[in-house]
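Notes to accompany the following structure.
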């Protein structure tokens, strides 16, 4: 399976918004549209892509600010893990004065949207947030790790709901158990591989 990925840096915290689609079709998933929805729309339109859903790796405000506009524009379902639903719904989910709480968020769906021609698994990786997840496209050898694992670093756990022990357990038992060649697309910063993080990440 050929999975194409385009990454856009959005918002003041440079969140990676990933677009994922199969090479043989126009349907695409939008992962973590943190802000700058108009830019995301323009890139989708420019590539001739038809989004079929929004996937959230977690519900911190810097990863969801673009959801309302994008979901309205394309009438998209939005998936977030149930354990992050309280964070998603919270009016206190903001980073003032830089990022205000998102307004007009749609009610998430209970079943994640599918991508024609592809399949993926949701890996529950709590620690950064209670409902943090990664999206594994095993056939393509790609995982979208959100703020769980970065190149040379890991997600922070000092915010509400964070748990350092859980985070390290999630990374060791779930992400570092994947094949070394698995390409990791994180929520911030450049992509990496599981093998590179196992060998060089200073936290392991």
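General observations
- For the stretch 110-204, relative contact order (Cα pairs under 8 Å, six or more residues apart, normalised by length) works out to 27 percent.
- Pairs of Cα atoms nearer than 8 Å and 6+ residues apart set the relative contact order; for the stretch 55-144 it is 31 percent.
- Gain in span if fully extended, residue 200 to residue 103, counting 0.36 nm per residue against the direct Cα distance: 30.9 nm
- Spin-label model distance (nm) - residue 72 vs residue 43, 7 Å beyond Cα toward Cβ: 2.2
- A crude spin-label estimate for the pair residue 24 and residue 111, with each label 7 Å from Cα along the Cβ direction, gives 2.4 nm.
- Spin-label zone in the stretch 108-131 - amide nitrogen under 20 Å from a point set 7 Å from the Cα of residue 173 along the C-beta vector: 121-131
- Rel. contact order, % - alpha carbon contacts under 8 angstrom, at least six apart, the chain: 16
- Cβ-derived FRET efficiency at R0 30 Å, residue 139 paired with residue 92, nearest 0.05: 0.15
- Beta bridges per DSSP with both ends in the stretch 3-200, % antiparallel, nearest 5: 70
Here, each number is a calculation from the coordinates, and none is a lab measurement. Since the model is a prediction, treat every value here as computed from it, not as a measurement. Heads up, the Cβs are rebuilt from the backbone with ideal geometry, glycines too, and the neighbour counts pull from every protein chain shown.
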